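The values are calculated or read from the model by the stated rules, or taken from the named source; none is laboratory data. The structure displayed is predicted, hence computed values, not measured ones. No Cβ is skipped: glycine too gets one built from the backbone with ideal geometry, and neighbour counts run over all protein chains shown.
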Amino acid sequence: MTDTDYPYYPNHASGWLAYFERNTDRESALRLDDEPKDALSPALHAALSRTLARFHLGESGEGTYLKRFAASQNDESYCRAIELFVREEQAHSRWFGRLLERLGAPQIETHWSDALFTWVRRAGGLHFELVTFLTAEIIAQRFFGLLSKSCPEATCARVFAQVVRDESAHIAFHIDTLRRAFENQNAVRRTLWKWTWQAMLAGAILIVCLDQSAIFRELKLSRRDFAARCFEIFDVLSARIWTQTPPLALSPLHLFSRRD
């Protein structure tokens with residue numbers, strides 16, 4: 001990828017609304033139905049099916065709490081942008097469901113990690129909810145970035161690459177909100193929040209590395225590299241959220257896709 005693949009993202013609600021409205025026609029380019037399945041070994045088929053089932057469930061939420069927060073901001077553009085953001089996340093779930101159908105694999109209705117994520121993000125109020133969402137976006141952006149480059153099933157790889165592009169924008173979208181939410185904090189509170197977020201990310205990385213051990217093994221992916229890449233994003237984002245650097249100057253996400 002080149003630097004031109006990283007657009008300057010908006011830094012206000014009306015700009016994000018326009019971005020999400022322009023980003024609605026992505027599914028046709030994925031060509032989910034027009035290619036035969038590439039041959040997969042039984043072990044890779046099982047691992048990939050497990051990964052898709054897990055993230056199909058995780059991306060299927062309604063965003064109720066986030067929509068309620070948006071409504072409290074009295075900003076119609078932001079409310080609509082949140083609705084379209086949630087719709088994009090649900091589109092990922094739908095795509096993963098289609099891929100499961102291609103693989104002849106079942107969906108799952110519940111998973112302990114999804115229940116844990118839901119409990120955590122609702123446990124600590126608005127700021128905690130936003131940080132938890134951003135943690136999930138970091139994990140998805142890095143995880144599917146690795147899969148998009150390593151998965152031999154062409155349609156899956158194409159979907160994973162689109163998810164990465166979407167998640168990069170979602171991260172930038174939430175940065176803008178978090179900057180405003182945290183802008184009046186003193187140094188002590190900023191440090192406590194950064195430590196809390198770092199611990200949350202470490203826990204999420206550990207869960208993914210354990211729960212998705214089969215796909216890491218079958219595609220010969222490095223858990224250490226995955227973790228390092230997640231913390232690379234964390235360092236960039238935490239600096240962007242708690243510094244006074246103008247958001248627009250920071251919006252090209254160059255560090256979000258290291259060249260291998």
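Tell me, please, whether a residue that is on the phi < 0 side of the Ramachandran plot, of a type outside the set (A, V, I, L, M, F, W, C) and at pLDDT below 90 can be found in segment 135-145. Can you show your working first?
As a first pass, look at segment 135-145 and keep what is on the phi < 0 side of the Ramachandran plot: 135-145.
Among the residues that remain, those that are also of a type outside the set (A, V, I, L, M, F, W, C) are: 135, 137, 141-142, 145.
Imposing the further condition that a residue be at pLDDT below 90 reduces the set to none.
Within segment 135-145, none of the residues are on the phi < 0 side of the Ramachandran plot, of a type outside the set (A, V, I, L, M, F, W, C) and at pLDDT below 90.
Restricting to helices (runs of 4 or more DSSP H) lying wholly in segment 57-175: which have 3 or more residues that are within 21 Å of Gln198 (Cα to Cα) and aromatic (Phe, Trp, Tyr)?
Working: elements: 64-72, 76-103, 112-123, 125-150.
Fully inside segment 57-175 and qualifying: 125-150.
Out of all the residues in segment 176-193, which are in a loop (DSSP other than H, G, I, E, B) and out of contact with any Phe, Trp or Tyr (no Cβ under 8 Å at 6 or more places or on another chain)?
Going residue by residue through segment 176-193, those that are in a loop (DSSP other than H, G, I, E, B) are 183-186.
If the condition is that a residue be in a loop (DSSP other than H, G, I, E, B) and out of contact with any Phe, Trp or Tyr (no Cβ under 8 Å at 6 or more places or on another chain), then Glu183, Asn184, Asn186 are the ones that fit.
Looking at segment 204-219, is at least one residue over 25 Å from Ala46 (Cβ atoms), assigned to a helix (DSSP H, G or I) and not small (Gly, Ala, Ser)? So that I can check it myself, show each step before the final result.
The initial filter retains those residues of segment 204-219 that are over 25 Å from Ala46 (Cβ atoms), namely none.
For segment 204-219, residues over 25 Å from Ala46 (Cβ atoms), assigned to a helix (DSSP H, G or I) and not small (Gly, Ala, Ser): absent.
Within segment 145-166, is even one residue without any contact (Cβ under 8 Å) to a residue 12 or more places away in the chain and farther than 21 Å from Glu88 by Cβ? Reasoning before the result, please.
Restricting attention to segment 145-166, the residues satisfying the condition of being without any contact (Cβ under 8 Å) to a residue 12 or more places away in the chain are 157, 165.
If we keep only those that are farther than 21 Å from Glu88 by Cβ as well, we get none.
Checking segment 145-166: not a single residue is without any contact (Cβ under 8 Å) to a residue 12 or more places away in the chain and farther than 21 Å from Glu88 by Cβ.
Take the residues of segment 53-85 that are surrounded by fewer than 19 Cβ atoms within 10 Å (Cβ to Cβ) and of a type in the set (A, V, I, L, M): which is farthest from Thr135 (Cα to Cα)?
My answer is Ala71.
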